[in-house]
Amino acid sequence: MVSDLGDSVSGTRFKRCKTITYIPGRSTVDATPAVKEIYSKIGTDMKAETTVKENNEGSVVVSWTGGKDGCFACHKAILEGFDVSYLLNFRDMKKSGSHEINPELLSLQSEAVGIPILQTNFISYEQEFKKVVRDLKAGGVRVDGAVFGHIETHKELVDRMCSGLGIKSILPIWNCSSEQIITDLIDAGFDAIVISSKSDLFDEEWLGRKIDKKFLSDLRRFNDAIDPCGEYGEFHTCVLDGPMFEKKLRIVDSRKILKDGYWFLDILKCTTEEK
């Protein structure tokens, strides 16, 4: 299964890796020449990347925060036969979320995975998600569905969004056991680390911890009431490597900071390396 995924990732559809900063509320009609060029590329030279291969389930976009759940959902969707055209990242303009990874690091993930990423800010997540997908489709990109890494929450929202767009909502890890998800993630060979955690539950020593079997056993001993996936916001992660990565990420410099009730691993410098 992993070798099949590797073949998919190294295929023609993933050869280009572009980070596109999406402009909220701006169409191709009133865009600047530079932005028009970006949109024109979505509709022309990138179109080949969304061509669905024979027997594939369809071409999809993936909701991407840079953490383990969305990444693992993407991995499982590819294994199920979906063709991933874009990663979509949305940042809340009203607040700074505990799970948000800086845009530069997300761009490096996109480069490492080999799938282009669209990054945009939002006031209304639902409205912005719909606009991005509609603009992709209007530009000639085939979008049959959207993949999400939700486990126990937000299904009603994503079902409503996708229904309104006429596409499938795909939740590969929905209602799965958190213990099983994290075990499968580790067994599949993903390298994810803790980048934020609630300060009333964890001290700073948990920051930077790799999500592995020792982490799971330590977490059980520390507080067995904490969800192994951090599903209720106890902690958040960043994926550095995995079977769908063509390159791996290496953190060169970071610092630990306490802010708004969370410990954060502020990644100051990160690079990609050949595997």
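Here, each number is a calculation from the coordinates, and none is a lab measurement. The shown structure was predicted, so the numbers you read here are calculated from the model rather than taken from an experiment. Note that we place each Cβ from the backbone using ideal geometry, even for glycine, and neighbour counts take in every protein chain shown.
Checking the a/c ratio against 1.5 first, then a/b against b/c, what shape does the Cα gyration tensor give for the range 70-151? Taking the square roots of the gyration eigenvalues as a ≥ b ≥ c, the range 70-151 is oblate.
Full extension of the chain between N102 and D203 yields a length gain of 34.1 nm, computed as 0.36 nm times the residue separation minus the alpha carbon distance. For the range 167-275, applying the loop criterion from DSSP together with a ceiling of 16 other beta carbons within 10 Å to the GluC sites (Glu not before Pro) yields E231.
Across the cross-link table entries K68/K248; K94/K155; K155/K275; K94/K213; K76/K248, which are compared at the Cα atoms, the separations over 26 Å belong to K155/K275; K94/K213.
Converting phi to 3J(HN,Hα) with the Karplus coefficients 6.51, -1.76 and 1.60 and the offset θ = phi - 60°, the range 241-251 yields 6, x, x, 8, 8, 7, 10, 10, 9, 10, 7 Hz in sequence order, with x at every glycine or proline. For the range 124-219, the C-alpha radius of gyration divided by 2.2 N^0.38 Å, with N the number of residues, is 1.40. Principal axis analysis of the Cα atoms in the range 178-274 yields extents of 38, 31, 19 Å, listed in decreasing size.
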